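Down below is the structure, laid out as structure tokens.
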Amino acid sequence: QVQLVESGGGLVQPGGSLRLSCAASGSRFSIYAMAWYRQAPGKERDMVAQITSSGNTNYADSVKGRFTISRDNTKNTMYLQMNSLKPEDTAVYYCNSRFFTENYWGQGTQVTVSS
């Protein structure tokens, strides 16, 4: 069982930046594919960014060029650097880890972009 804990959310003005963190328990973090998802009120949960165990990344078109996903296997932590934030980025952001049939979610952290 892996526990994931997100942090770093909050209220930011349009054009601002935030960095989300996802801390994972256990000793097998490096083998997991990791991802950030988000869910806005009344909408489905959508993938924002993914990073494989080898460091390959993939982004949703809506965040390309603004968000950067990274991981530090020595700290069992994944990050999401979010720049040039827009009101439509407002959502609860969830951390996800996967390895074959294993699939874990964090509890989410709220990001609100508003003036």
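The values are calculated or read from the model by the stated rules, or taken from the named source; none is laboratory data. All of these numbers come straight from a predicted model, not from anything done at the bench. Please note: Cβ atoms are built from the backbone with ideal geometry, for glycine as well, and neighbour counts cover all protein chains shown. Surface accessibility is based on the protein's heavy atoms, side chains included, excluding ligands, DNA and RNA. Shrake-Rupley method; radii C 1.70, N 1.55, O 1.52, S 1.80 Å.
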How many residues does the range 1-17 hold that are out of contact with any helix residue (DSSP H, G or I) (no Cβ under 7 Å at 6 or more places or on another chain) and open to solvent by less than 70 Å² (accessible area, probe 1.4 Å)? 11
What is the number of the single condition among (1) under 16 Å from residue 111 (Cα atoms); (2) open to solvent by less than 20 Å² (accessible area, probe 1.4 Å) that residue 47 does not meet? (2)
Any idea which of (1) open to solvent by 60 Å² or more (accessible area, probe 1.4 Å); (2) farther than 20 Å from residue 39 by Cβ; (3) touching a strand residue (DSSP E or B) at 6+ places or on another chain (Cβ under 7 Å); (4) of a type in the set (Lys, Arg) is the one residue 86 doesn't satisfy? (2)
For the range 1-32, the count of residues that are within 12 Å of residue 76 (Cα to Cα), small (Gly, Ala, Ser) and part of a strand (DSSP E or B) equals 3
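For every residue, the table says whether it meets (1) modelled with pLDDT of 95 or more; (2) under 16 Å from residue 18 (Cβ atoms); (3) part of a strand (DSSP E or B).
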{"position": "41", "(1), (2), (3)": "no, no, no"}
{"position": "48", "(1), (2), (3)": "yes, yes, yes"}
{"position": "63", "(1), (2), (3)": "yes, yes, no"}
{"position": "70", "(1), (2), (3)": "yes, yes, yes"}
{"position": "81", "(1), (2), (3)": "yes, yes, yes"}
{"position": "85", "(1), (2), (3)": "yes, yes, no"}
{"position": "94", "(1), (2), (3)": "yes, yes, yes"}
Evaluate the following for residue 47: is it more than 18 Å from residue 26 (Cβ to Cβ), of a type in the set (A, V, I, L, M) and without any contact (Cβ under 8 Å) to a residue 60 or more places away in the chain? yes
When the residues of the range 18-38 are narrowed to those that are touching a residue at least 40 places away in the same chain (Cβ under 8 Å) and open to solvent by 60 Å² or more (accessible area, probe 1.4 Å), which ends up nearest to residue 93 (Cα to Cα)? 19
